[in-house]
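Novice: After the structure tokens below, expect a handful of questions from me.
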Amino acid sequence: MPIERIGYARLVELLRDPETIVLDVRSVEEFQQGHPRGAYNIPYAHRGAFGMVPNPDFAREVTAAFPKDARLVLTCRSGGRSAQAAAILHAAGFHDLFDYAGGFAGSGEDPGWVRSGGPVATEPEPGRDYASLRARGEEEP
């Protein structure tokens, strides 16, 4: 199944299924400033001294956190990192992938999560923050 790039209306439709997982691929700092309520956070890139640095463990961390048949909706700030992350996960064997074009802040394609009225949180639900998800992956043999 190819990666479907979606807008907010399709995202809302997908979220009617409680099995749909929103994976925010922004940095930990961005996620902490605000994220879609209920989202998980595994950064596609980390903030470094000279800008964003790709997370070399991204595919492994997502694979440790979610089964490859999980329905994942990837989101970032404005749709760039989520598209790149979706391509990496597709190559890693995930096949039920959706790339949210608007991201958290919006893009030219879509007004984004916040401006569309999506519920926002600054505290993650238990076990959905990057530290918890990374620790879970480190427990895997």
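The values are calculated or read from the model by the stated rules, or taken from the named source; none is laboratory data. Everything numeric here is computed off the predicted structure, so don't read it as measured data. Every residue, glycine as well, gets a Cβ built from its backbone with ideal geometry; the counts of neighbours run over all protein chains shown.
Novice: Looking for whichever is within 15 Å of the chain's Cα centre (by Cα), within 15 Å of residue 31 (Cα to Cα), among the aliphatic types (A, V, I, L, M) and not in a helix (DSSP H, G or I) here; the options are 97, 74. Which one fits?
Specialist: Just a single option satisfies the conditions, and that option is 74.
Novice: Please verify whether residue 106 is modelled with pLDDT under 95 and either among the polar types (S, T, N, Q) or farther than 20 Å from residue 5 by Cβ (or both), treating the condition exactly as stated.
Specialist: On the way: modelled with pLDDT under 95: yes; either among the polar types (S, T, N, Q) or farther than 20 Å from residue 5 by Cβ (or both): no.
Taking the combined requirement at face value, the residue does not satisfy it.
Novice: Go over the candidates 40, 8 one by one and state the one that is within 24 Å of residue 122 (Cβ to Cβ) and either within 14 Å of the chain's Cα centre (by Cα) or of a type in the set (D, E, K, R) (or both).
Specialist: Residue meeting the stated conditions: 40.
Per-residue answers, yes or no, for (1) free of Cβ contacts under 8 Å to residues at least 40 places away in the same chain; (2) among the aliphatic types (A, V, I, L, M); (3) crowded, with 16+ Cβ neighbours inside 10 Å:
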residue	(1), (2), (3)
83	no, yes, yes
93	yes, no, no
103	yes, no, yes
120	no, yes, no
125	no, no, no
128	no, no, yes
133	no, yes, yes
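Novice: How about the stretch 18-77: which of its residues are of a type in the set (Phe, Trp, Tyr) and buried (at least 17 other Cβ atoms within 10 Å of the Cβ)? It would help to see each step written out before you state the result.
Specialist: At the first step, the residues of the stretch 18-77 found to be of a type in the set (Phe, Trp, Tyr) are 31, 40, 44, 50, 58, 66.
Within the stretch 18-77, 31, 40, 44, 58, 66 meet the criteria.
Novice: Can we say residue 2 is at pLDDT 95 or above and in a loop (DSSP other than H, G, I, E, B)? First the steps, then the outcome.
Specialist: Values: at pLDDT 95 or above: no; in a loop (DSSP other than H, G, I, E, B): yes.
In short, no.
Novice: Could you check how many residues of the stretch 21-66 are of a type in the set (S, T, N, Q), farther than 19 Å from residue 112 by Cα and in a helix (DSSP H, G or I)?
Specialist: Going residue by residue through the stretch 21-66, those that are of a type in the set (S, T, N, Q) are 27, 32-33, 41, 55, 63.
Cutting the leftovers down to farther than 19 Å from residue 112 by Cα gives us 55, 63.
Still in the running and in a helix (DSSP H, G or I): 63.
Looking only at that region, the number is 1.
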